[in-house]
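My questions will all concern the structure given below.
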Amino acid sequence: MTLAVEDILVTRNPATGEEVGRAAATPASDVARIVGRSRTAQSLWESTPWSERRAFLERWRRILSRDADAWAETIRAEIGKPPNEAAAGDVIPTLDALRWTVKNAGAALADERVGPSWQRLLLTPVGRLRWKPLGVVGMIGTWNYPLFLNAVPIAQALAAGCGVVWKPSELAIASADRLQAGLLEAGMPDGLVGMIHGGGEVGRALMEAPIDKMVFTGSVETGRRALATAAANGVPGLVELSGFDPAIVMPDAPLDATVRSIVWSAFVGCGQTCVAVKRVYVVGDAAPWVHAFAEAVRGLRVGDPAGAGIDVGPLINEKALTRFDQILRETTAAGAEIIAGGLRMDRPGSYYEPTLLKADSPGPERALEGAFGPVLLVRGVADVEEAVAAANSSRMALAASVWGRDRSAAREMARRVVAGMVCVNEAVTPTASASAPFGGFKASGFGRTHGLLGLREFVAPQVLFERRAGGFRPQLFPYADSATVDRFLRFYRRLFHPRA
Ligand code: NAD
């Protein structure tokens, strides 16, 4: 069969334009069949003993660990990140999450005894709570952490006994092919994890296919579209959407260390990190902070991450750069002042100067909300009340941070900030926690990945009650002796529900 040009997807190194990945788009009409294959494999996988499922996941972890350097190189070439950053932020957290899953999923998903406690007197039987796999998960991926954000939910779905059909981002094809090859090498049952390539149309076909849960990582707008498509068939969802993360700087925060940490947390991954810090609220005089942030931002070394000593690489592609530049123009039009950077770089590749903005009012923040690139906005606020209000003013609520020497004051502030992950004197890195649930509030999404709660996204609780055949059961017709029942109910109520 010959494929039309538009059916071939190509990814290019954003630093050099060289081709990195190439794949034929999956015809939308094939998607339901691929889901069907996964379902057939899943029905056996579900009843495969945990020891065998665990052995498969452990084999996959070892393959990823063996290939860690090659993975970092693939991510550098396809996404444009320094290889050390790819290793520390993408590969190692994935290995840790697989290790956590291998060690803990068996116990976390084991049957549990339920009740009956005092209801024993009502002859309520003992229940057995069972975590039943949902079936086939339809997963739509993004590109910025092409291993971590895809492999972790796949591993957890498989640990839970589900099958998966996933559509990686059309911007991370080489990474996706590497991930799928690792699953095959580990001995994945035929068709259990199906990969389909394509853009929005193929993603939509997956959301329309007979899946049992949708998992989506990406932007708010597309995520809501995908969610609506799946919801039309009653399919539940886990959606990990954009962030616009605030950092509150308390008056006692140490300047140098805090600036260094926030600048890394803002510009890691060229600012294309969902939990990157995007806005800083300095409680009190912001002037020395703006100065220190500007120095640190100007000191970042931008370039092709293939070279040594590069802090920040290019944006993912030209389209992302144009959109980012447009948002910065709108933000300055809304009143933000450019303190550092603010322009695309005059060199081949989609490079943008790391940019520091200063604002004196909330207006520019609203304009900046969709920015996915190397920018940090700083605003001074009068007191902690204003800082909390500003942090909570966005429709996004993925992660947030509070910085200061007095940890109990900072912790108290942290508790008032609405976000799925709130850190004190930390940002971004705890996202790598294998055991802590990760996910957002408000427009940033719902559902959780990682750890126990991440596993539970792929199962439904099923309760089994049982009794000996022919054994005595209370309250069977006819109520021959109501006096006895009355006496018992009075006794029961006196014991457990006395009148107030
Ligand atoms: P995107 O929303 O443009 O695309 C995400 C995925 O959706 C892609 O695979 C795309 O092909 C697919 N898609 C497009 N239309 C679809 C449709 N109608 N139905 C189903 N799927 C469809 O986002 P992106 O550019 O890949 O990622 C960038 C965004 O992701 C940023 O906003 C970032 O903040 C967010 N993000 C969030 C998290 C998180 O964990 N919360 C992590 C990483 C990135």
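The values are calculated or read from the model by the stated rules, or taken from the named source; none is laboratory data. Remember, predicted model here, so these are calculated numbers, not experimental data. Note that each Cβ is placed from the backbone with ideal geometry, even for glycine, and that neighbours are counted across all protein chains shown. Note: accessible area is taken over every heavy atom of the protein model, side chains too, but ligands, DNA and RNA are not part of it. Shrake-Rupley method; radii C 1.70, N 1.55, O 1.52, S 1.80 Å.
Have a look at the DSSP beta bridges in the chain and tell me what percent are antiparallel, nearest 5.
Counting DSSP beta bridges with both partners in the chain, the antiparallel share is about 40 percent.
Distance between the C-alpha centers of the range 367-418 and the range 229-304? Whole Å please.
After rounding, the separation between the Cα centres reads 10 Å.
When only alpha-carbon atoms are used, what values of Rg and Dmax, in angstrom, describe the range 245-440?
15.8, 48
Please tell me the relative contact order of the chain in percent, rounded to the nearest whole number, where contacts are Cα pairs under 8 Å and at least six residues apart.
Across the chain, relative contact order equals 18 percent.
Let me ask something else about it. Considering the alpha-carbon set of the range 308-359 alone, what are its Rg and its Dmax in angstrom?
11.7, 38
May I ask for the longest run of the chain untouched by trypsin sites (Lys or Arg not before Pro) that are loop-located per DSSP and have at most 15 neighbouring C-beta atoms (other than their own) within 10 Å?
That gives 1-300 as the longest site-free run.
Then there is this: Counting only protein heavy atoms and using a 1.4 Å probe, what share of the accessible area of the range 57-120 belongs to carbon plus sulfur, as a whole percent? List each step's numbers first, then the result.
Numbers: 1440 of 2910 Å².
Heavy-atom surface of the range 57-120 belonging to carbon and sulfur, 1.4 Å probe: 50 percent.
Continuing with this model, one more query. Based on the Cβ-Cβ distance of Asp285 and Asp30, what FRET efficiency does E = 1/(1 + (r/R0)^6) give at R0 = 60 Å, to the nearest 0.05?
0.45
Further question: Are there chymotrypsin sites (Phe, Trp or Tyr not before Pro) in the range 398-500 that DSSP marks as loop and that have at most 12 other Cβ atoms within 10 Å, and which are they?
Passing sites in the range 398-500 are Phe472, Tyr479.
Roughly how many Å² is the accessible area per residue of the chain, as a whole number, for a 1.4 Å probe?
That works out to 45 Å² per residue.
Does the chain come out rounded, prolate or oblate by the C-alpha gyration tensor, with a ≥ b ≥ c the root eigenvalues, rounded set by a/c under 1.5 and, if not, prolate when a/b is larger than b/c and oblate if not?
Details: a/c = 2.34, a/b = 1.40, b/c = 1.67.
The shape class here is oblate.
Of all DSSP beta bridges in the range 245-440, what percent run antiparallel (nearest 5)?
15 percent
Note the angle between two axes, namely the Cα long axis of helix 407-416 and the longest principal axis of the Cα atoms of the chain, as a number of degrees from 0 to 90, rounded to the nearest 10.
Roughly 70 degrees between the two axes.
While we're looking at this one, here's another question. For Val193, enumerate residues with amide H under 5 Å from its amide H, sequence gap 5+ or separate chain, H modeled in the peptide plane.
Val164
Loop by DSSP (not H, G, I, E, B), at most 16 other beta-carbon atoms within 10 Å: where is the longest site-free stretch of the chain for GluC sites (Glu not before Pro)?
Looking at the chain, 47-425 is the longest stretch - no exposed GluC sites (Glu not before Pro) with at most 16 other Cβ atoms within 10 Å.
Please list, in order, the residues from the range 102-144 whose amide nitrogen is less than 16 Å from a point placed 7 Å along the Cα→Cβ vector of Leu489.
Those under the cut-off are 122-123.
Hey, any idea what % of the range 245-440's accessible area is carbon plus sulfur with a 1.4 Å probe?
Looking at the range 245-440 in its full context, I get 52 percent from C and S.
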